[in-house]
Structures are given as structure tokens and as C-alpha cells.
Amino acid sequence: MTEQPQDLATRFEPKELAVIGADPQVFAAKFNPSGKLLAAGGFDGRVRLWDLATEAPQELPALTAHDGWVQALAFSRDGQRLYTADSWGKLCAWDANDGKPELAWSLNEAHDGWLRDLDVNADGTRIVTCGRDQVVRIWAAVDGAPLLELQGHKTDVYSVRFHPEKQLIASGDDRGIVKLWGATDGQLVREFDASLLYLEHRLQDVGGVRTLAIDRAGKRLAVGGTIPKNGATVQGTPSVLLFNFETAELTHTLNFGASTHCFVHEIILHDEGFVMAVTSGTPGQGQVIFQLPDEETPFYTTTKLLNCHSINLHGPTGRIAIVTTNRGSNGNGRRLAENGEYEGNNSPIHLLQFAEAASS
Amino acid sequence: MNTSLCKPWEHQLSRRQLLGTTTGAAVAAVGLGPLLQPVIAEELKKKQKQVLFVWLDGGMSQLESWDPKPNTQFGGPFRAIPTSVPGIHISELLPKSARQMHHLAVIRSLCTQDNSHSAGVARIQRGDPKDRGVTYPYFGSAVAKLLGPGESKLPPYVWIKPGSGGFKHTDAGFLGPKFGALAFGDGQPPENLLLHKSITEQADDERDQLRRAANRRYAAKRRKQVTEANSYVFEMARTLMKRQDLFDTTKLDPSDVERYGTHEIGRHMLQARKMLEAGVTFVKVNSYGWDTHGDNFNGHASLVPKFDQAFAAIVEDLAERGMMENVLVIAMSEFGRTPRINGHIGRDHWPEAWSLAMGGCGVREGITVGKTNEKGTFVATDEHDIGHIFHTWFRALGIDSTDIEYDNGGQPLPIAHDDMHVIEELLA
């Protein structure tokens, strides 16, 4: 029997555990499989690490092999490897080494330019990456040897995911096209039409597939982004499109609020059947949303976290990490700190926990 | 390429030829009337200087274009790439312009006054002179006034823009409406430009004589400035009626179309080349949608390469045709964008330290002028305001901005900010 939204709200309303200050800004933060380590990729090219086994999170020495931005990172399921990628096209594999990661191998030119996303397959043998060079590539996890190159996208490829069980890969581009590929033969299996998330506005290609998620059963594909209204200062309705994985049929379009909220940046399809999503738009606007697909409204939402760029769930403990941006992050012209310095922004990382887990 | 078009340098009339041509004298009278130094202006006219002014409305990020700061706190995700000039690097989003860098100069020391669009667009394009209680002309109107239409007799200030067209008289400020911009919406000619098939050339001439007679009677009872503008615009329309080839896209070389890009700015830039080849004095190409407070990096990843394609193509073509000697090429916005990256992964308005690119007309090639500090937050060398740039542009066009003045109904007005000066290192 499907659980009622109010029951889900009671069980899954998150409680805040701690806020980690990440300065300068970071993108996505991920728990390692034990939940004792948090890694986040930064605007400054560093991979930041926090020890969560201590009473309060303790920052560990950062990993410094990258250039540009580190936007994509993922742990293998066994927790032995951390993979990180940067906007200059470099892919790195780090041996976890008991909380003191060491570089196992790296590829300086895994992609030509911005490497936007990566994923590790279920058994940890393969890595898939995608980037601004319009290509999807598959690598051997053990040593970074190239295995397959998937060509067919005609524009930037923003997001990529392995199927949790089958040898399949989904990749989504900036025109709202999601392609499903065979992970071993590179054959195109089918396409999903998420072009609702794309707009050509004036000279700009706006929107696209900003994030992908596949549920654990492998039956549902979620595509996140915005239904764009305009380019430049992008505005649009933050949205999640749910597809039947087998038929590519669009089954649900979930719209999450006003156009100032803009992008759904990351999605988790929870085993209990609800969608977890975070949004970020106009500075100061951000939402955390939990919603059952067949319901009209979320059973949980908050706008207290500003500009949410990523969400990660540590299943066994029900812990959640959400990367946000500080208050007052925008403004035209010269604005200096009291000491006369020109300051950047930072990324409070909110550590939360599901209510039922927190109370147990 | 359509090789049948006349080129400006094929029309280098002698002074005697020019003054001996009734129409030429009439055009000169219309275009240069209130200058304090008409003889100097006449000399300028002979040189056939022209301007290509590419306006990226909303504010292109200097960090994602001409002044990258890779691997710094505010540097963003993109790499810097080498250019055709050793030692000069620009953003990886400008690969084609990088190959034309030896024709260009980049100014990285702009520090201007306004961080709002409403004030910034006008202040920048008017040169932000001292406030004397008058509305100064946009650069296009100023050039139309100071250089006139040249031998082509085509409208001296045309504006190729997205959206609608029409005659934009407000650009002209105190110069009066006739120095406004003739805007071609989406590059299209004004409506009903074609002579109706039922009207013969002879009938059209007779109608025109009748119109002129009626105009004279109408003008006798009205303010000169208004009637003069009406007549001026009508004459421009008649000139354009004979130059429908300027709008005929069917004869474009397909390889040019591909090279410039089939997107809006590519099409418009290719048309700008035709306009310059035909002798139009000032051609403005406008692109909207650069105000990337949100999703700046994906926005610039989409926008800048299209600008790059079109801009590099026209610079290459102008250089190949020898036109860079006489065409001042400028690409700019009303300001740059903040180094600080906001919560919408955007950059806000930043007039404190930004860049523009220019070339041609005696501008030194393959140089950068000024620099910003390591993080790109502020100018580390001498700051340059738009007034300095206006003085420099005028000098490049052969106009001495310290000597020539406007005559606004007896009020002498400097053509550029009194307290600013030419950036000497920009000029050969």
C-alpha cells in the first residue's frame, strides 16, 4: 500500500544536524558509502574533505590535482575509490586510503574542456563521463583506460548516469535530449524527449538536461532542469520530468514553484517512491522538495536554504548533504568588506537527517 | 561573395570632384552643417573612415572573453588559450577571434561610472561627457555628424538589430533627429521599400518633384530641425530604394553564410560587411541577452562562441579586403560582470574593471592595453573611462577631439570629455 503524504512527512521531514562552511564556493557534496567522509568539488579547483566521524565535522586536507572548477565527483559503492573531474577536462581517481585519499591515476584530457558529470557503475569497474565536447566516454575504473566513446549528442552533454543494474547509460544534453546507450557496445537504445526543458532565446541556448536520476528498480528516469522563460538572467519553472524507463513515455511533469526558483539542480528518486529535489534561482531563492509523483503538491518543502545546488543522501543513516550559497550573494558594482577587501561568496553545506532516522 | 558591389576606396574623389558635384555638395551641407571647422570636416570626408560598432547589450563578462583569469578564485570554469600574438591569451570561448588577435587591440583597463543598464547604455554610447545640461549624441550619431554619409550617399548611421526597425532619432541627442540611427530590424529593409510595380520610374520622378514642392511649402512654416530631418530621412529612403541589393540574402556566398553563422549575430554581421563594403559610414550590430545574472557560465558558453564566429569572420574579411585601414572595429558592452559569482551561478554588473576589443583605422595591432590585478577584481594600471576611449576613437577616425567642437545653436560643446585624453599606446 502506498504511504500517505502526511505519514511520509512525519518520517522524512529532515532535521538539521550541522552546517559546514565551505569558503570559497563548492558545487556538489557527496557522502562516502560509510557516511563518515564528505567530499565536495570547489570553484577553486580543490576537492574539499570533511571527517564526519567526529562530533563536529572536521575539515581534512583538500585534494589539489585539479584546475578550474570541480563540478563532478562520485564514490564507488565499496567506498574504495573517489573519482573527481574538472572543467579543464581532467579526470582523477583517488584511492580512499582510510580517509587520506591518494591519487591512483589521472587523465589530463579526458575531455576537451568542461567535464560536467561522471558516474560509477554498480560493480565499480567502469566510469562514465560527459562534457562540453559533446561526447560521452567510458573508462576502466582500475587504470583509466578508455573503453568506449559515445558520439551522437550535438551539443554540450550535462549529465550522465549508469543504470543501477543493467548495462545501460543515460546521458542528457543542453537541448533536452536524453540518450540511452548500451554500456558495453555503445549502441543507442532509445531517446527520451525532455525538450520541454530547452528554449532558444535570442542568441542563447537556455536550459537543457541539468541532472538525471534513475530509481533503484531501474524503471523510472527523472530529468531535472527548468522550463525556461528567458535567457540572460535565466528564469523558468523548476521542473522534474519523469519517464517510463522502458517505453520513454513522459509520465509526470512536476513543477516546483515560481520562475525565480529556476533550476532543479539535483534529484534523488527515493526507494519509498518520492522525488527529492533541490532548486536554485534568483539569489536568495532555493527550495528543498520531497514529493510523491502522483500528488499535486510536495509533502515536504522548505525555502530556508538559499540557492541549493546539490543534494546527496546517505541511505543507511538517512543523512542528507545540501550545498547552498550564502545570503546576500549578489549585487552590482563595487561592494567591499569592512576590511576593504573584495570578497567572494561561500557555500554553507547543510547536513540534515530524516526525522525517523534522527529519532532512532 | 558578391563582387559587383562598389567599395569605398573605389570612390576616392578629389576635392575638386567632390565640390563640383551638386549632389555631393548638398549631402555635405546636410551632413556637416553646424561644424565649427567645416574645412577640416571636408578633409575628413575624403578619407572615407568607417566604423563597425558591435554592441553586446547587457554586459559580456570580461572573464569569459578578453581578460580570463583561469585558476583563480573568480576565474570561472574556462581555460585561457593562446592567440595569434605570442603572449596574449583570451578565453577558450573565443577561439576564432584568437586567430585574428594580430588585427586587434584589447583594452583591459576600463573603469567606468555606471552599474545600471538604464544609465550605463546611454552614458557609454554617449561618451559620458561632462554634464552641460544637454543630451549628447550616441557615438553613431556623432560619427554620422562628423564624417557624414561619404560618397555612397547611404544613411551614415545604420543599426542592424534584432526585433523591430525604424528611425531611432533619440540617439542623436542635441544634434537633432536627422542624425539618428536607421535601424534594420533583423536586418530587413524598411517596409514597402520596393517601388510598386504599377509606378514607372518617370511617374516616380514626377511624384518626387511634387513632393519636394509640397515639402518646401510645408517647411516654410515649421521648425527647420524637424522638416530637415523629414527630408533627410526621405532622401535616405530613396537612396536605399536603389540599393536593394544590400538586403538580398539570396546572392550571399553560402560559404560566407556558414562562416559567419546562421544565427542572428552571424546573419547580422554578414549584412554589416555588405553595408561597410557599400560605404555606410557607421554600422552598429546589436546583440541582446548578455545580462547573465543567472547561469552566467552556461550562458556565456552558448553566447560567446556565436559572437566569436561572427566577429572573427568580419575582422578576417575586412583585413583581407584591406578595409581595416579605414574601418574602426569595436566590440563592447555597457560594462563587464562581477568577479564574484552569485547564488544563481551568475555574475552581476561590474563597471570597475572590464574590457573591450577594437582594431583598424590605425589602432595598434596585436596588443593589450592596461591590466587587471591577479584576481581580475580591479584595474592594476591606469584606469580608462569611456571618455578616454571616445578621444581615442575620434583620433583613429582622423578627428581631433581637442580641437573640433559641436555647435549646439551657438553653444560650443566638446565632442569628448574635456578632462580625458587619447590613450596614446593604442594608436600607431
Exercise. So what's the Cα pair-distance distribution over the stretch A:134-229, bin width 5 Å, in %?
Worked result: 3, 14, 23, 23, 18, 11, 5, 3, 1, 0
Problem set entry | Ellipsoid equivalent to the protein assembly as shown - semi-axes via the Cα gyration tensor, in Å | 56, 27, 24
Problem set entry | Inter-chain shielding of B:329-340 (mean C-beta neighbours from other protein chains, 10 Å cut-off) | 2
Exercise. Can you flag which of A:Lys90/B:Lys306; B:Lys153/B:Lys221; B:Lys168/B:Lys224; B:Lys197/B:Lys251; B:Lys251/B:Lys284; B:Lys178/B:Lys306 are past 24 Å Cα-Cα?
Worked result: A:Lys90/B:Lys306; B:Lys153/B:Lys221; B:Lys178/B:Lys306
Exercise. More than 12 Å apart: what percent of Cα pairs in the stretch A:269-327 qualify?
Worked result: 66 percent
Exercise. In whole Å, what is the distance between the alpha-carbon centres of the stretch B:236-307 and the stretch A:41-116?
Worked result: 44 Å
Problem set entry | Long-range tail of P(r) for chain A (Cα pairs > 40 Å, %) | 7 percent
Exercise. What per residue convex hull volume, in Å³, do the alpha-carbon atoms of the stretch B:268-330 yield?
Worked result: 82 Å³
Problem set entry | Debye log10 I(q)/I(0) for the stretch B:63-103, one point scatterer per Cα, at q = 0.34 Å⁻¹ | -1.14
Problem set entry | Under 5 Å, built H, 5+ apart or other chain: amide partners of A:Leu306 | A:Thr325
For this session: Quote the charge dipole size of the stretch B:94-240 about the Cα centre in Debye, to the nearest 20; the model charges only the Cβ of Lys and Arg (+1) and of Asp and Glu (-1).
Result: 440 debye
For this session: Using label points projected 7 Å from each Cα along Cα→Cβ, tell me how many nm separate A:Glu246 and A:Arg190, to one decimal.
Result: 0.9 nm
Problem set entry | Descending Cα extents along the principal axes, the stretch B:44-129, whole Å | 43, 36, 18
For this session: Starting from the Cα coordinates of the stretch B:54-202, work out the convex hull volume and express it per residue in Å³.
Result: 188 Å³
Exercise. Hey, what does the equivalent ellipsoid look like for the stretch B:334-385, semi-axes from the Cα gyration tensor as sqrt of 5 times each eigenvalue, largest first, whole Å?
Worked result: 25, 13, 9
Exercise. In the neighborhood of A:Thr253, defined by Cβ-to-Cβ distances under 14 Å, what is the net charge if each Lys or Arg adds +1 and each Asp or Glu adds -1?
Worked result: -4
Problem set entry | log₁₀ of I(q)/I(0) at q = 0.15, 0.20, 0.22, 0.24 Å⁻¹ - the stretch B:313-428, Debye sum with one point per alpha carbon | -0.81, -1.13, -1.22, -1.31
Exercise. Is there a simple number for the mean count of other chain Cβ atoms within 10 Å of the Cβ of residues in A:192-203, and what is it?
Worked result: 3
For this session: Just the Kirkwood number for the stretch A:49-146, please: inverse of mean 1/r across all distinct Cα pairs, in Å, one decimal.
Result: 13.6 Å
Exercise. Considering the Cα trace of the stretch A:143-292, what is its radius of gyration and what is Dmax, both in angstroms?
Worked result: 15.2, 46
Exercise. Of A:Gln291, A:Asn330, A:Thr247, whose Cα points farthest to the positive end of the dipole of chain A (charges on the beta-carbon: +1 Lys, Arg; -1 Asp, Glu; origin at the Cα centre)?
Worked result: A:Asn330
Problem set entry | Of B:Lys284, B:Lys242, B:Lys153, the one that fluctuates the most in a GNM where chain B has Cα springs shorter than 10 Å | B:Lys242
Problem set entry | Rule-of-thumb Rg ratio for the stretch B:165-236 [Cα; 2.2 N^0.38 Å; N residues] | 1.29
Exercise. What aspartates and glutamates sit close enough to B:Lys371 to cross-link, taking a C-alpha to C-alpha distance under 15 Å and skipping anything fewer than 8 places away on the same chain?
Worked result: B:Asp67, B:Glu352, B:Asp382, B:Glu383, B:Asp385, B:Glu425
Exercise. What value, in deg cm²/dmol to 500, does the helix sum -39500 (n - 2.57) over DSSP H runs of n ≥ 4 give at 222 nm once divided by the residues of chain B?
Worked result: -10500 deg cm²/dmol
Exercise. Taking only protein heavy atoms and a 1.4 Å probe, what accessible area per residue, in Å², does the stretch B:270-428 have with all protein chains in place?
Worked result: 25 Å²
For this session: Given the peptides A:46-57, A:294-305, B:108-119, arrange them by the average over their residues of other C-beta atoms within 10 Å, most packed first.
Result: B:108-119, A:46-57, A:294-305
Seminar exercise, completed: Amide H proximity to A:Thr251 below 5 Å, modelled H, separation 5+ or other chain, gives A:Leu242, A:Phe243, A:Asn244
For this session: Could you check which residue among A:Asp123, A:Asp215, A:Asp156 shows the biggest mean-square fluctuation in a GNM of chain A with a 10 Å Cα cutoff?
Result: A:Asp123
For this session: Find which of A:Pro238, B:Ala203, B:Gly76 sits farthest along the positive direction of the dipole of the protein assembly as shown, computed with +1 on the beta-carbon of Lys and Arg, -1 on that of Asp and Glu, about the Cα centre.
Result: B:Ala203
For this session: For the stretch A:294-309, take each phi angle, set θ = phi - 60°, evaluate the Karplus expression 6.51 cos²θ - 1.76 cosθ + 1.60, and give the result in whole Hz per residue in order, putting x for glycine and proline.
Result: 8, 8, 6, 10, x, 8, 8, 8, 9, 10, 6, 9, 8, 6, 8, 9
Exercise. What is the gain in length, in nm to one decimal, between B:Gln113 and B:Leu210 on full extension, counting 0.36 nm per residue of separation less the C-alpha to C-alpha distance?
Worked result: 29.8 nm
Problem set entry | Reciprocal of mean inverse Cα separation for the stretch B:131-288 (Kirkwood radius, Å) | 16.9 Å
Problem set entry | Amide H partners (placed H, <5 Å) of A:Asp117, local residues excluded | A:Cys130
Seminar exercise, completed: Phi angles of the stretch A:330-346, converted by Karplus (6.51 cos²θ - 1.76 cosθ + 1.60, θ = phi - 60°) into ³J(HN,Hα) in whole Hz with x for Gly and Pro, give 10, x, 7, x, 5, 9, 10, 6, 4, 7, x, 7, 8, 9, x, 9, 9
Exercise. Given that compact globular proteins tend to follow 2.2 N^0.38 Å, what is the ratio of the alpha-carbon Rg of the stretch B:254-363 to that value?
Worked result: 1.18
Problem set entry | 9 Å beta-carbon shell around A:Gly208, net charge (K/R +1, D/E -1) | -2
For this session: Assign unit charges at the C-beta atoms only (+1 for Lys and Arg, -1 for Asp and Glu), then state the dipole size of the protein assembly as shown relative to its Cα centre in Debye, rounded to the nearest 20.
Result: 2720 debye
Problem set entry | the stretch A:149-218 and the stretch B:91-115: distance between their alpha carbon centers, rounded to Å | 35 Å
For this session: Measure of size requested: the Rg and Dmax of the stretch A:128-182, with Cα atoms as the atom set and Å as the unit; please supply both.
Result: 10.8, 33
Problem set entry | Gaussian network model of chain B, springs between alpha carbon atoms under 10 Å - residue of B:Phe390, B:Phe139, B:Phe167 with greatest fluctuation | B:Phe167
Exercise. Along each of its three principal axes, how wide is the spread of alpha-carbon positions in chain B, in whole angstrom units, largest first?
Worked result: 69, 49, 40
Problem set entry | Using θ = phi - 60° and Karplus 6.51 cos²θ - 1.76 cosθ + 1.60, couplings along the stretch B:298-306 (whole Hz; Gly, Pro as x) | 5, x, 5, 4, 8, 6, 4, x, 6
For this session: Mind pulling the angle between the C-alpha long axis of helix B:117-126 and the longest principal axis of chain B? Nearest 10 degrees, somewhere in 0 to 90.
Result: 60 degrees
Exercise. Longest span of chain B, sites excluded, free of GluC sites (Glu not before Pro) in DSSP loop with at most 11 other C-beta atoms within 10 Å?
Worked result: B:1-190
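The values are calculated or read from the model by the stated rules, or taken from the named source; none is laboratory data. Because the structure is a prediction, the values reported are computed rather than measured. Every residue, glycine as well, gets a Cβ built from its backbone with ideal geometry; the counts of neighbours run over all protein chains shown. Keep in mind that these areas ignore ligands, DNA and RNA; they rest on the heavy atoms of the full protein, side chains included. Shrake-Rupley method; radii C 1.70, N 1.55, O 1.52, S 1.80 Å.
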